[in-house]
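In what follows, a single structure is set out as structure tokens and then discussed.
The values are calculated or read from the model by the stated rules, or taken from the named source; none is laboratory data. No experiment lies behind these values; they were computed from the predicted model shown. We place every Cβ from the backbone using ideal geometry, glycine too, and count neighbours over all the protein chains shown. Just the protein is used for accessible areas: all its heavy atoms, side chains included, with ligands, DNA and RNA removed. Shrake-Rupley method; radii C 1.70, N 1.55, O 1.52, S 1.80 Å.
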Amino acid sequence: GGGLEFTNRDGLKVLATEDAWVRVRDEGQRVLFTGTLSAGDRFELPKEATAPVLRAGNAGAVYIVVGGVAFGPLGEGPVVAKNVLLTAEAVRATYPAARDVVVDLPVQENAASQPSADQELAQLPQD
């Protein structure tokens, strides 16, 4: 089937560092999420969502998490971000990695065997 390249295999999340209104729609204009994220809140995209698009108020406080790394912010300060394509490829190509944003991943039961964030970052190409 076409469109498989848009599916959310990477566990994309929308992360807010302060209150921000967010709406996410998929390719068929179905609303996946609408509401206000508070500081530290995150919304994880459903795995089956195809080509989801985000609109956010207070874009300076909104980041997209891809593979455990936050990218963003989506804008400068309290502006509206429109038509932000939420695929790993698009996010990585459009926004800088925000190394100072804490991405609180839930603790894995076998956390000891997981590579640390520092090791993961070391594997990313540096600008």
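Just a few scattered comments:
- Leading residue by the ranking (surrounded by the most Cβ atoms within 10 Å (Cβ to Cβ)) among those in region 19-31 that are at pLDDT 95 or above and under 15 Å from the mean Cα position of the chain (by Cα): ALA20
- Positions within region 74-99 being within 18 Å of ASP41 (Cβ to Cβ) and either part of a strand (DSSP E or B) or open to solvent by 80 Å² or more (accessible area, probe 1.4 Å) (or both), in sequence order: PRO78, ALA81, VAL84
- Scanning region 53-68 for residues that are in a loop (DSSP other than H, G, I, E, B) and over 11 Å from the mean Cα position of the chain (by Cα) gives GLY57, ASN58.
- Test: PHE71 is aromatic (Phe, Trp, Tyr), within 11 Å of the chain's Cα centre (by Cα) and either at pLDDT below 95 or surrounded by 15 or more Cβ atoms within 10 Å (Cβ to Cβ) (or both): yes
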